[in-house]
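Just so you know, all these numbers are worked out from the coordinates, no wet-lab data involved. Here the structure is a predicted model, which is why all the values come from computation and not from measurement. Reconstructed Cβ throughout: ideal geometry from the backbone, glycine too, with neighbour counts over all protein chains shown.
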Amino acid sequence: MQHKLTTLENGLRVVTAQRENTETVSLGIWVNTGSAYEPQDLNGISHFIEHMVFKGSKKRNSVQISEEIENVGGQNNAYTSREFTAFYAKMLKNDVELALDVIADFVLHPTFPDDEMVKEKEVVVQEIKQSVDTPDDVVFDYFQETAFPNQPLGRTILGPKETVRSFNADMLHSYMHNHYAANNTVVVAVGNIKHENFVEMVKARMANYQKQSAFEIAPQVYQGGFYQETRQIEQAHMLIGFKGVEYKSPLYYPINIFSTIFGGGMSSRLFQEIREKRGLVYSVYSYHSSQTSVGLFGIYAGTSADQLNTLLPVISDEIKKVLNEKVSDKELNRAKVQLKASMLMALESSSSTAEVVARQMLLHGRVIPTDEVIAKIDNITKDDILKAAQFLFSSQPTYTLLGDLKQYPDYEALRQCLPKM
């Protein structure tokens, strides 16, 4: 992935990856802030800001923000995660400057009109209610909170309804002033664009963007524990988790390869044993999510409540197997290919490439060459996979259940099932 980087005088990084044989450009502004950086009384404000910037700027009202992009066939959107907030668009190559002008305008100069604030609070409240009413969605919020209790990383991205309703324009402006700055922002464009031209477009609009953010990241400390909630629903949703690793950890790639082997697809151990052989679930998988200073490894299964007592020992047996015997060459090679293929397929999309470039710049301070990532994956051994598994399963477990729970294995039952490390 060939790219060019220019750093403006205020420290803002501008990165492009040129693709001359395309007719479009994906571009955006990524900021290294999200719900994991919010104090409790502002939980949800990053996400609410993501909504509100579209409601008006010094140059445009909400209708103009939407229409100017869509009038030329472009697509405009945003998202908030625990550590990132992104505002992005995909346009025909001749409309890049228009898209950048719109995005830079509402990110740097939002007005947060009172009438729009009132309406959007209720929109977000409805989003919160929808999430709570979706069991296989909200169970992951409960899981996160159980793994990281009483700290920003454990709180939801959307925030509580009461907190969202308390926000006002001054709070939003203050949060943006403290968290949005050149030192934790990157502007990226991927597609049929010349680097020098794009840099000049950014410079014309963001040269006066403030240099330094004024906040400190709260500690991210995995703790683990147990949470259960009874609901009259047809399925029981179970999550079992363990402490993972941060992005820069030497175990980052081994754990992701291990997760692929263990529960990363239809050929994974969990899927084959639990769904294909035993028919205990419709959905079962494992995943690993990383943050700046910690990570979380999770095993999810959706089953009927009366199968929980059967399901838990089976999962535990699969954990014991990976600790007591090395993975096969076939499994390791397949997982490596899966991970590399997933990465390379994503890089064929300009939008996904822009996302990868932005995250790497914010996390690592550079764009990591694809060959370097492939080499790290290729160099992983069976011993590395065993070390990854030993690290994961030596931590205090996190255990979350949601469903029609009449009888279920409790936290102590889980601890007794798991291998003693």
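If you take every DSSP beta bridge whose two residues both sit in the chain, what share of them, in percent to the nearest 5, is antiparallel?
Here the antiparallel bridges make up roughly 80 percent for the chain.
Angle between the Cα long axis of helix 350-364 and the longest principal axis of the chain, 0 to 90 degrees, nearest 10?
So the helix axis and the longest Cα principal axis differ by about 80 degrees.
When only alpha-carbon atoms are used, what values of Rg and Dmax, in angstrom, describe region 314-421?
Considering region 314-421 through its Cα atoms, Rg and Dmax are 18.8, 52 Å.
By how many nm would the segment from Tyr79 to Asn324 lengthen if fully extended, with 0.36 nm per residue of separation less the alpha-carbon distance?
Contour length minus Cα-Cα distance gives 84.0 nm.
What are the extents of the Cα atoms of region 4-206 along their three principal axes, listed from largest to smallest and rounded to whole Å?
Principal extents (Cα only, largest first): 47, 36, 33 Å.
Compute from the Cα atoms of region 95-135 the Rg and the Dmax, the latter being the longest Cα-Cα distance, and quote both in angstrom.
15.2, 42
Quick one: Cα convex hull volume of region 377-421, Å³ per residue? Before the final figure, lay out the partial values.
On the way: hull volume 4.9 nm³, N = 45.
Enclosed volume per residue, from the Cα hull, is 108 Å³.
Give me the net charge for the shell around Ala388: Cβ to Cβ below 13 angstrom, other residues only, Lys and Arg +1, Asp and Glu -1.
Net charge in that neighbourhood comes out at +2.
GNM on the chain, C-alpha springs below 10 Å: top fluctuator among Lys406, Lys340, Lys55?
Per the Cα network of the chain with a 10 Å cutoff, Lys406 tops the list.
Normalized C-alpha radius of gyration of region 225-350, against 2.2 N^0.38 Å? Walk me through the numbers before you get to the answer.
On the way: Rg = 15.7 Å, N = 126, 2.2 N^0.38 = 13.8 Å.
Region 225-350 yields a ratio of 1.13.
Between Asp383 and Gln2, what length in nm is gained on full extension when 0.36 nm per residue of separation is reduced by their alpha carbon distance?
Working it through step by step, the gained length comes to 133.8 nm.
Please report the net charge: other residues with Cβ closer than 12 Å to the Cβ of Lys321, K and R +1, D and E -1.
Overall, the nearby charge balance is -2.
Assuming a viscosity of 1.002 mPa s and a temperature of 20 °C, what translational diffusion coefficient in µm² per second does Stokes-Einstein assign to region 1-105, Rh being the Kirkwood radius over Cα pairs? If you can, show how the numbers build up before the last one.
Working: Rh = 15.2 Å.
It diffuses with D of about 141 µm²/s by this estimate.
Using modelled amide H (1.01 Å from N, peptide plane; none on Pro or chain starts), what sits under 5 Å from the amide H of Lys211, excluding residues fewer than 5 places away?
Sorted by chain and number, the residues that satisfy this are Ala182.
What percent of all Cα-Cα pairs in region 87-205 falls in each 10 Å bin, counting up from 0?
10, 29, 29, 25, 7
Among the DSSP beta bridges whose two residues both lie in region 4-206, what percent are antiparallel, rounded to the nearest 5? The partial results should precede the final answer.
On the way: 27 of 33 bridges.
Just about 80 percent of them are antiparallel.
With +1 on each Lys and Arg Cβ and -1 on each Asp and Glu Cβ, how big is the dipole of region 1-157 about its Cα centre, in debye rounded to the nearest 20?
That gives a dipole near 460 debye.
Suppose we flag GluC sites (Glu not before Pro) only when DSSP calls them loop and at most 12 other Cβ atoms lie within 10 Å. Which is the longest uninterrupted stretch of the chain?
So the longest stretch without any such site is 24-215.
Can you show me the helix-derived [θ] at 222 nm for the chain, built from DSSP H runs with n ≥ 4 at -39,500 (n - 2.57) apiece and divided by the number of residues, rounded to the nearest 500.
Per the formula, -13500 deg cm²/dmol.
So how tilted is helix 169-179 from the main axis of the chain? Cα-based, degrees 0 to 90, rounded to 10.
Tilt relative to the chain: about 80 degrees.
Based only on Cα atoms, what Rg/Rh ratio does the chain have, Rh being taken as Kirkwood's radius?
0.99
Between helix 135-147 and the chain, what is the angle of the helix's C-alpha long axis to the longest principal axis, kept within 0 to 90° and rounded to the nearest 10?
That helix lies at roughly 80 degrees to the long axis.
What Kirkwood hydrodynamic radius, in Å, does region 286-376 give when the mean of 1/r is taken over all pairs of distinct Cα atoms and then inverted?
Kirkwood hydrodynamic radius for region 286-376: 16.5 Å.
Quick one: net charge of Glu9's neighbours, Cβ under 11 Å, K/R +1, D/E -1?
Spelling it out: positives minus negatives among the neighbours equals +2.
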